[in-house]
Amino acid sequence: MTKIGWVDFNENDRRKAIEFIKTIQGQGSVDEFGYGTIRDRFSDIFFPGTSTIQTRAKYFLIVPKILEELEETVTRQKQRLSRNELIEKLHKEEFYCAYTMLNNEEINERDHSMIIGNKNLLDKEKNVSKDYSLWVKRNPSEIYWSGIKTFEIFNQPISLSGFINRILYVHPQDYDYEKDNKKSSELIENNGSSFELPEYDNNWKETLKISLTPEEAEFLKGKIIKTQTHSLLGYMLTHDEIYTESFNTKDFQSFCSYLNKNIKIDDELLSTIELANSFNNFLLPIRYFYNYLITRKDDKKYEDIRNQWMKRINTLEEVAHKCELKAIFAKFADINKPIDGKTKEFFINVQKIFLNNEKLNQPEIEKKLTDILSEREKFLKGENRSKIINKIPIDTATDEIHLLDYRFRHAWQLVYDIYCGLNEKK
């Protein structure tokens, strides 16, 4: 097996390396042909600061509080620590907080399951308290850092890696930023906390719970509204009726339909919602066809999956016509991570096939789609890992393929936590 490594000079280099490795590793079972880049761009606009691996709102405050105290301790005690020693201190504190929340007497089963690393914490055989590397693959600080910056709880434009570098040195002038290839934006002097947080007493970790206190909820709500006013996340927090309706909404499209009818939405956001919904509808038959293509004929679900694809053949031209791919690509052209050329080419070519639906019979459509999906999968994964090319059967095929929700349910959990915390006041 080939292994790849890189020298982690700065966060930009690290991000590029991770993106590259994700590409050569393939997109995973839920994104076999690389639509995730477009999905994630929409998600970042609608629900900024969120991710699919976040669990609860509390971490947006726990993580910066730990980092703030760590910075203060290192600076006050004039300690000289290695990078590994500092990171170990950080992980130890994160572990302790998780352990405290998990052992809180009032915790219910749902809350229990949403504490990061809960399974390993309870596994006595692993004994994670002696080896924090066994606790989680990704620590809360890594998972939540982007959102912490997005909501301006941390108010400097530096990466988590850059922040660790900053507190490694008691005297900033000792750190050779130029040598370590740091951007000028990361040249922040270590002259006090860069975190904005609610007040905590000295024993806050001893009584820690996964739920937000009223003060925490009020603070986090204010930060999100202030920094993300015109996002869907901002609307959910500024209109109580939207939050209430979200309980009755099954999917992203239904939620947006409610907003369009009942709330005056910013025109640009409304336009983006329309683009996202049209892309969702365009993507659905592609996903159904791919699923049909790789399902074994002796699979008990084969006929159901085939029928789901057959139902959509007559809709291909309509969904392709409504999907404004050029407008979508233009929407993301100015973002740091624009849609790559190969992804654009793939979807444009699929759209052409759909638009020629009336001129092609079913076997011709399926042949063209099979060819283009095969090439796309080969490009993303390599020929040896292509399920289509190698006729690799799957046992996990499903006749239920849901529309993309653009992190709607993950954002809903964040908003739910905030409203629960606010209601503690009453």
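The values are calculated or read from the model by the stated rules, or taken from the named source; none is laboratory data. Worth saying up front: this structure is predicted, and the values here are computed from it rather than measured. Positions of Cβ are generated from backbone atoms using ideal geometry, with glycine treated the same way; all protein chains shown enter the neighbour counts. SASA here: full protein model, heavy atoms, side chains in, ligands and nucleic acids out. Shrake-Rupley method; radii C 1.70, N 1.55, O 1.52, S 1.80 Å.
Some notes on this structure:
- Number of the exception - residue 261 against (1) in a helix (DSSP H, G or I); (2) surrounded by 15 or more Cβ atoms within 10 Å (Cβ to Cβ); (3) modelled with pLDDT under 90: (2)
- Residue in the stretch 83-107 that is most open to solvent (accessible area, probe 1.4 Å), counting only those that are in contact (Cβ under 8 Å) with a residue 40 or more places away in the chain and assigned to a loop (DSSP other than H, G, I, E, B): 106
- Residue pairs whose Cβ atoms lie under 7 Å apart, separated by 6 or more positions or on different chains, with the first residue in the stretch 41-58 and more than 17 Å from residue 235 (Cβ to Cβ) and the second part of a loop (DSSP other than H, G, I, E, B) and of a type in the set (Val, Ile, Thr), are 41/335; 55/116; 56/210; 58/210.
- Some residue of the stretch 350-363 being open to solvent by 80 Å² or more (accessible area, probe 1.4 Å) and modelled with pLDDT of 95 or more: yes
- Candidate set: the stretch 324-343, residues that are of a type outside the set (Val, Ile, Thr) and modelled with pLDDT under 90; chosen: the one surrounded by the most Cβ atoms within 10 Å (Cβ to Cβ): 338
- Some residue of the stretch 203-220 being at pLDDT below 95, on the phi < 0 side of the Ramachandran plot and among the acidic types (Asp, Glu): yes
- Odd one out for residue 281 among (1) surrounded by 15 or more Cβ atoms within 10 Å (Cβ to Cβ); (2) at pLDDT below 95: (2)
- Cβ-Cβ distances below 8 Å connect the following pairs, each with a first residue in the stretch 134-153 that is farther than 17 Å from residue 89 by Cβ and charged (D, E, K, R), a second residue that is assigned to a loop (DSSP other than H, G, I, E, B) and open to solvent by 70 Å² or more (accessible area, probe 1.4 Å), and a separation of six or more residues or different chains: 138/53; 149/157; 152/196.
- Residues in the stretch 197-232 that are closer than 26 Å to residue 263 by Cβ and among the acidic types (Asp, Glu): 1 in all.
- Residues satisfying the stated conditions in the stretch 164-202, i.e. touching a strand residue (DSSP E or B) at 6+ places or on another chain (Cβ under 9 Å) and either at pLDDT below 90 or among the β-branched types (Val, Ile, Thr) (or both): 194
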